[in-house]
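**Q** Quick one: the structure is below, questions incoming.
The values are calculated or read from the model by the stated rules, or taken from the named source; none is laboratory data. Treat the numbers as computed from the prediction; the structure is a model and nothing was measured. Reconstructed Cβ throughout: ideal geometry from the backbone, glycine too, with neighbour counts over all protein chains shown.
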Amino acid sequence: CYLCRCERIANCHPLAKCLPHEGSFYCQCTDGYEGTGTDCWDVDECDKLQHQICPAFSYCVNTNGSFTCTCWSGFQDNGTHCLDIDECATGDFPCPDNSTCTNLEGSYKCTCDPGFTRNGTLCVDIDECSLGLTRCPNFSNCLNTVGSSFCKCWEGYQGNSTVCEEINECLDNITCPEHKIRKPYLYVHVFSRWLWIFLILPLRMVKY
């Protein structure tokens, strides 16, 4: 048979095939291998054709007689290309509380929100008051809150984060309700007593 004659005459390598040629035979290494036919070894396609056979954002892995393309971490294979994975959109990210996830090509980053700072793997509150980051006006105190701070005027003062002014309580109609209500009554009450003592009482004491 043809194959029997080829194997007997050509003495091909196990990874080669025997082919007829001008009344004789010759050995040719199969795809993925190279050599004389009687000796065949693996072709490292990754070393020779990395950028031609694999898509961007992937690396080539050589195998016996072939190769595979594997997408980099942070990318996924759609069959022909390696596409970026948006970890922030999929929720597949370990960002700490009080931080914002920003997608990057093949990765992501976690940024602490305003009012917070990085402390190891956590985003902790910044005490703007103790660090002097919040400048409050005179007659006020700085109060730290989670992620922020604010200025509070002293009692008896009013204003905002830029100025605190003294409150004139005398201009407030409800500041002294007791005096405004009882003072006229006091005058009438005292006047009526003196009227009784000096005018009405003597008249009653007069006998006709």
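Let's see how each residue does on (1) surrounded by 15 or more Cβ atoms within 10 Å (Cβ to Cβ); (2) modelled with pLDDT of 95 or more; (3) within 30 Å of GLY147 (Cα to Cα):
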position	(1), (2), (3)
ASP47	no, no, no
GLN50	yes, no, no
THR63	no, no, no
CYS69	yes, no, no
SER73	no, no, no
ASP77	no, no, no
THR90	no, no, yes
SER99	yes, yes, yes
CYS112	yes, yes, yes
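**Q** Can you go through ASP92, ASP113 and tell me which one is outside the structural domain of SER161 (by TED's automatic domain parsing) and more than 24 Å from SER161 (Cβ to Cβ)?
**A** On inspection, the qualifying residue turns out to be ASP92.
**Q** Also: Every residue in the range 50-64 that is assigned to a loop (DSSP other than H, G, I, E, B) and either without any contact (Cβ under 8 Å) to a residue 40 or more places away in the chain or in contact with a Ser or Thr (Cβ under 7 Å, 6 or more places away or on another chain) (or both), please.
**A** CYS54, PRO55, ALA56, ASN64, listed by residue number.
**Q** Does at least one position in the range 130-143 carry a residue that is among the polar types (S, T, N, Q) and within 30 Å of GLY91 (Cα to Cα)?
**A** no
**Q** Find the residue count for the range 89-105, including only residues that are of a type outside the set (Ser, Thr, Tyr) and touching a Ser or Thr at 6+ places or on another chain (Cβ under 7 Å).
**A** Number satisfying all stated conditions: 1.
**Q** So for the range 15-24 (the condition being within 58 Å of the chain's Cα centre (by Cα) and not charged (D, E, K, R)), does at least one residue qualify?
**A** yes
**Q** Could you give me the residue pairs with C-beta distances under 6 Å whose first residue belongs to the range 135-149 and is under 12 Å from PHE116 (Cα atoms), whose second residue is among the polar types (S, T, N, Q) wherever it lies, and which are 6+ apart or on separate chains?
**A** Taking only residues 6 or more apart or on different chains, the pairs are SER149/THR134.
**Q** Now for a different question. Of the conditions (1) surrounded by fewer than 14 Cβ atoms within 10 Å (Cβ to Cβ); (2) more than 30 Å from VAL146 (Cα to Cα); (3) among the acidic types (Asp, Glu), ASP84 fails just one. Which one is it?
**A** Result: ASP84 fails condition (1) only.
**Q** Any residue in the range 74-102 that is under 26 Å from THR117 (Cβ atoms) sitting within a Cβ distance under 7 Å of a residue that is modelled with pLDDT of 95 or more and among the acidic types (Asp, Glu)? List the pairs, counting only those 6 or more apart or interchain.
**A** ASN98/ASP113; SER99/ASP113; THR100/ASP113
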